[in-house]
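Asks: Pasting a structure below so you can have a look.
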Amino acid sequence: MKTHFRKVFKSDHLGCADIEEYIEKGSDLVFTIKNCRQEFGCKVAGKKIDANIAYFSENIKPLVLNATNSKTMKKLTGSPFVEDWSNVVIQLYIDSSASLMGSIVGGVRINQNKVVKQKKVLEEENKTLWNNAKLAYKRDGNFDEVTKRILVSEDNKKKIIEQISNEK
């Protein structure tokens with residue numbers, strides 16, 4: 001494991017060094033923006049600035065949305081309003097040609113293509129998901145709510161119904 005030179009410059013916000021670390025760990029760099037908000041006088045790279053900041057559902061640092069990434073969010077959501085940029089799945093990448101004040105410095109970018117997050121597959125070995133699916137079926141009498149979130153094979157649906165019947 002190598003250490004990026006920028007890692008020594010502590011940052012509260014997501015940067016290239018962080019993204020490179022995720023890449024080394026095999027991440028697909030797909031994250032869900034929980035919410036965005038405009039913050040005034042926030043400290044970024046030692047300076048106080050006004051910025052759009054994206055906060056993620058995953059446990060990662062927030063991302064300062066520069067003009068390029070803000071335009072990408074507008075394109076992905078169809079809205080220019082930061083309040084509408086919640087619950088959006090995005091994929092990040094490093095743009096080595098990104099520039100700042102005329103100098104090429106590299107930067108974190110949001111992929112302009114919409115990301116479709118793959119649903120998890122329900123397996124009996126995953127006790128938490130399995131038990132939640134059973135509870136949902138008991139509550140609703142069907143798998144409609146379950147299949148909105150995860151993939152359930154017909155065999156597993158039958159197993160769950162059978163297990164519920166045997167519990168009675």
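Every read-out reported here was derived from the displayed coordinates using simple, explicitly stated rules and does not represent laboratory data. Please read these numbers as outputs of a predicted model, since none were measured by experiment. For neighbour counting, all protein chains shown are included, and Cβ atoms are generated from backbone atoms with ideal geometry for every residue, glycine included.
Asks: Over 16 Å, how big is the tail of the calculated P(r) for the stretch 120-167, in percent of all Cα pairs?
Replies: Percentage above 16 Å: 24.
Asks: What's the center-to-center distance, using Cα atoms, between the stretch 31-62 and the stretch 75-152 in Å?
Replies: Taking the Cα centre of each part, the stretch 31-62 and the stretch 75-152 sit 18 Å apart.
Asks: At a Cα cut-off below 27 Å, give the lysines reachable from Lys48, other chains included and same-chain residues fewer than 8 away excluded.
Replies: The reachable lysines, counting only those whose Cα sits under 27 Å from Lys48, are Lys7, Lys10, Lys34, Lys61, Lys71, Lys74.
Asks: Moving on. Collect residues whose amide H, placed 1.01 Å from N in the peptide plane, falls under 5 Å from the amide H of Val88; neighbours closer than 5 in sequence don't count.
Replies: Excluding prolines and chain starts, which carry no amide H, the hits are Ile33.
Asks: Have a look at Asn131, Gly15, Phe143 and report the one farthest towards the positive end of the charge dipole of the chain, computed about the Cα centre with Cβ charges (Lys/Arg +1, Asp/Glu -1).
Replies: Most positive-ward Cα: Gly15.
Asks: Identify the trypsin sites (Lys or Arg not before Pro) of the stretch 14-103 meeting these criteria: DSSP loop state and at most 14 other C-beta atoms within 10 Å of the C-beta. All intermediate terms of the calculation are to be shown ahead of the outcome.
Replies: Details: sites: Lys25, Lys34, Arg37, Lys43, Lys47, Lys48, Lys71, Lys74, Lys75; in loops: Lys25.
Answer by residue number: Lys25.
Asks: Nearest 20 debye, what's the magnitude of the dipole of the chain about its Cα centre given +1 on Lys and Arg Cβ and -1 on Asp and Glu Cβ?
Replies: Roughly 320 debye, rounded to the nearest 20.
Asks: Now for a different question. State the label only: which of (1) -0.37, -0.83; (2) -0.40, -1.10; (3) -0.20, -0.67 corresponds to log10 I(q)/I(0) by the Debye sum over Cα atoms at q = 0.08, 0.14 Å⁻¹ computed from the shown model?
Replies: Working out log10 I(q)/I(0) by the Debye sum over Cα atoms at q = 0.08, 0.14 Å⁻¹ from the coordinates points to (1).
Asks: So for the pair Lys34, Glu124, with labels modelled 7 Å out along Cα→Cβ, what separation do we get in nm?
Replies: Calculated label separation equals 3.6 nm.
Asks: What number comes out for the charge environment of Phe81, summing +1 per Lys or Arg and -1 per Asp or Glu over other residues with Cβ under 13 Å away?
Replies: Charge balance in the 13 Å sphere: 0.
Asks: Starting from the 7 Å offset along Cα-to-Cβ, what nm value, one decimal, do you get for the label separation of Lys75 and Ala45?
Replies: Result: 2.2 nm between the two label points.
Asks: In deg cm²/dmol, rounded to 500, what helix-only [θ] at 222 nm does the chain give when every DSSP H run of at least 4 residues adds -39500 (n - 2.57) and the total is split over its residues?
Replies: Theoretical 222 nm ellipticity from helices: -9500 deg cm²/dmol.
Asks: Okay, moving on. List the aspartates and glutamates whose alpha-carbon lies under 17 Å from that of Lys134, not counting same-chain residues fewer than 8 positions away?
Replies: Reachable aspartates and glutamates: Glu123, Glu124, Glu125, Asp144, Glu145, Glu154, Asp155, Glu162, Glu167.
Asks: So how much slack lies between Leu151 and Lys114, counting 0.36 nm per residue of separation and subtracting their Cα-Cα distance, in nm?
Replies: Length gained, Leu151 through Lys114: 11.2 nm.
Asks: Strictly over 28 Å apart at the Cα level, which of Lys75/Lys157; Lys25/Lys114; Lys119/Lys168 would you flag in this model?
Replies: Lys75/Lys157; Lys119/Lys168
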